[in-house]
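The values are calculated or read from the model by the stated rules, or taken from the named source; none is laboratory data. Note that the coordinates shown come from a computational prediction; the quantities given were computed from them, not determined experimentally. Cβ coordinates were reconstructed from backbone atoms using ideal geometry, including for glycine residues, and neighbour counts include every protein chain displayed. To get the accessible areas, we keep the full protein, side chains included, count just its heavy atoms, and leave off ligands, DNA and RNA. Shrake-Rupley method; radii C 1.70, N 1.55, O 1.52, S 1.80 Å.
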Amino acid sequence: MIFLQLGVLACVLASGTTVVFTRGLASQPIVVSVFGLMLALMFMAFQAPDVALSQIVVGAVGLPLMILLALAKLRRDAKFLHRKQNEKETQ
Amino acid sequence: MSRGWRLGVFLAGAAGLVFLFVVVARPLPGPLELRNRYAEEINTRAFRERNVTDAVTAVNFDYRGFDTIGEEFILFVSVLGSMFLLRMTEERGDEILPDAAEDSRDVRSTDAMNLWILAMIAPKVVFGIYIVTHGQLTPGGGFQGGVILATAALMLYVGEGFAVFRRVVPHGAVEFAEAVGAGGFLLIGMLAWFWGKPFLTNIIPLGQSHQLTSGGTMPLISVSTGLEVTAGFVLLLYGFLQENLTPRGEK
Amino acid sequence: MSAQIVTYAGFIVAGWLFLTGLYGIITSRHLVHLCLSMTVVQASTYVLLAVIGYRPGLPAPIFVNMPAGSPAVDPVIQALMLTDIVVEATVIALLLAITVRIHRRTSTADPNEVDIMRG
């Protein structure tokens, strides 16, 4: 049991550090999803099933979804603003 | 403040934090000596007083229900804030930006994938309802089940596109559901006032243990919370997907 | 002894996640990455609470098959964490919404370049 807990804590450490040091935009939802999954495993190892259920659904599904949508929106806005900029310059 | 200075201040602060952390953590009692009397009392009493088998849900919705009201309303206000921010029409002179979901998707999804996605919606809804209603018996409750149900609604968007999603879960109905969920919790608490008891007392007859009706007001609160969390997440999805609704209603 | 090791390991992981997340917030070059580093800082509190609430060798506080009152892990701390997770995800969504608005006003998502508040 103790090895499981120590192992899972190490995984949480590794994935947390990866989240911070990943700079590419497109890979961020995936890294956050993995981090959420590792946290859920940690909660299971520490005998907290309610919390693990909560974390799985929110951290591995809900949060990456919202990040993806926010990134998609940023990209569309950038395209649109770029187009508006060009129109303004050509006027 | 330039970047170098920021980093320097951070490192100084981090060193101080690490030092203080070690100083504080050393004399703390170890996990074997740490005994929380309150937790032990709840473990024994939750079954005896409320006939429920899940102590965590009992703490959440009964013994510390008042704190859960606060948390639920944090969620409500955050969703409100996000909706407000994502729905503001542009300042004068600017065009309305196009619907985020209007362009056809770049990746054509195959029929097999669509079929599979749609087939998984029903099991998800059933599972979500199961988790919400069995909160007081097994790990679960309103919060977890609510997010599961919200992902079921999301699957509809991923599988069929925004037009269908908008028709199956209309915006007005979801707003109404969220209000009902948030207000329902308060109303259940106020129900106790009619019997002269304090707010959020468990006045409904506690059923038999290991049954769905055990726990008195707990399953009701769980359902109301699940409704609110589901509706909140679906509203967040709506906000991120489309944001140029005219002030009066749908476009 | 082994319980001590796990507790100290948990403290170290919580402290490390906190500092790493804070470092990510400070040196971030994109607002979305900043919000995600905030998630890491939040996770450090979850790790700390999970370690504190744990009692070595005891099962979860669900009494379906065990008689009630048998020793179990602390349920009060788990109740704290449970609502916290859902609520903080919503707060991150709020931050992402603010990010989208900032990007629209200034057409940049670099926290060093955003100058809305400059008078």
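Okay, here's what the table says:
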item	result
Some residue of segment A:23-41 being under 13 Å from the mean Cα position of the chain (by Cα), of a type in the set (S, T, Y), surrounded by fewer than 17 Cβ atoms within 10 Å (Cβ to Cβ) and modelled with pLDDT of 90 or more	yes
Cross-chain or 6+ apart pairs with Cβ under 7 Å, segment A:6-34 first and facing chain C (nearest Cβ under 7 Å) and closer than 14 Å to C:V32 by Cβ, then open to solvent by 50 Å² or more (accessible area, probe 1.4 Å) and in a helix (DSSP H, G or I)	A:V20/C:Y23
Given (1) within 14 Å of another protein chain (Cβ to nearest Cβ); (2) in contact with a Phe, Trp or Tyr (Cβ under 9 Å, 6 or more places away or on another chain); (3) not in a helix (DSSP H, G or I), index of the condition B:Y157 fails	(3)
The lone exception for A:Q47 - which of (1) modelled with pLDDT of 90 or more; (2) under 26 Å from A:M1 (Cα atoms); (3) open to solvent by 10 Å² or more (accessible area, probe 1.4 Å); (4) not charged (D, E, K, R) it fails	(1)
Residue check, A:K79 charged (D, E, K, R) and more than 7 Å from chain C (Cβ to nearest Cβ)	yes
Test for B:G135: is it outside any helix (DSSP H, G or I), closer than 18 Å to C:V86 by Cα and within 14 Å of chain A (Cβ to nearest Cβ)	yes
Residues being within 18 Å of C:G21 (Cβ to Cβ) and either outside any helix (DSSP H, G or I) or not hydrophobic (A, V, I, L, M, F, W, C) (or both) - total across segment B:5-24	3
Hits in segment C:82-107 (condition: among the charged types (D, E, K, R) and surrounded by fewer than 21 Cβ atoms within 10 Å (Cβ to Cβ))	C:D84, C:R101, C:R104, C:R105
Where A:A52 falls short, out of the listed (1) open to solvent by less than 50 Å² (accessible area, probe 1.4 Å); (2) more than 23 Å from C:L22 (Cα to Cα); (3) modelled with pLDDT under 90	(3)
Residues located in segment C:66-103, provided they are more than 7 Å from chain B (Cβ to nearest Cβ) and over 24 Å from B:F73 (Cα atoms)	C:M66, C:P67, C:S70, C:P71, C:V73, C:I102, C:H103
Scope segment C:40-50; condition surrounded by fewer than 23 Cβ atoms within 10 Å (Cβ to Cβ) and either facing chain A (nearest Cβ under 7 Å) or within 10 Å of the chain's Cα centre (by Cα) (or both); matching residues	C:V41, C:Q42, C:S44, C:T45, C:L48
Among (1) without any contact (Cβ under 8 Å) to a residue 24 or more places away in the chain; (2) crowded, with 16+ Cβ neighbours inside 10 Å; (3) not aliphatic (A, V, I, L, M) - the single one C:G53 does not satisfy	(1)
Test: residue in segment A:60-73 that is within 12 Å of chain B (Cβ to nearest Cβ), at pLDDT below 85 and over 16 Å from the mean Cα position of the chain (by Cα)	yes
Selection from segment B:177-197 of residues that are open to solvent by less than 90 Å² (accessible area, probe 1.4 Å) and more than 23 Å from the chain's Cα centre (by Cα)	B:L191, B:A192, B:G196
Segment B:37-87, residues that are buried (at least 19 other Cβ atoms within 10 Å of the Cβ), β-branched (V, I, T) and at the interface with another protein chain (Cβ under 8 Å from one of its Cβ atoms)	B:I42, B:T53, B:V56, B:T57, B:V59, B:T68, B:V79
Within segment C:4-34, tally of residues that are in a helix (DSSP H, G or I), open to solvent by less than 50 Å² (accessible area, probe 1.4 Å) and either of a type in the set (S, T, N, Q) or facing chain A (nearest Cβ under 8 Å) (or both)	11
Residue match in segment B:216-226 (condition: in contact with a Pro (Cβ under 9 Å, 6 or more places away or on another chain), more than 19 Å from B:G128 (Cβ to Cβ) and free of Cβ contacts under 8 Å to residues at least 24 places away in the same chain)	no
Selection from segment B:4-21 of residues that are more than 7 Å from chain C (Cβ to nearest Cβ), at pLDDT below 90 and open to solvent by 60 Å² or more (accessible area, probe 1.4 Å)	B:W5
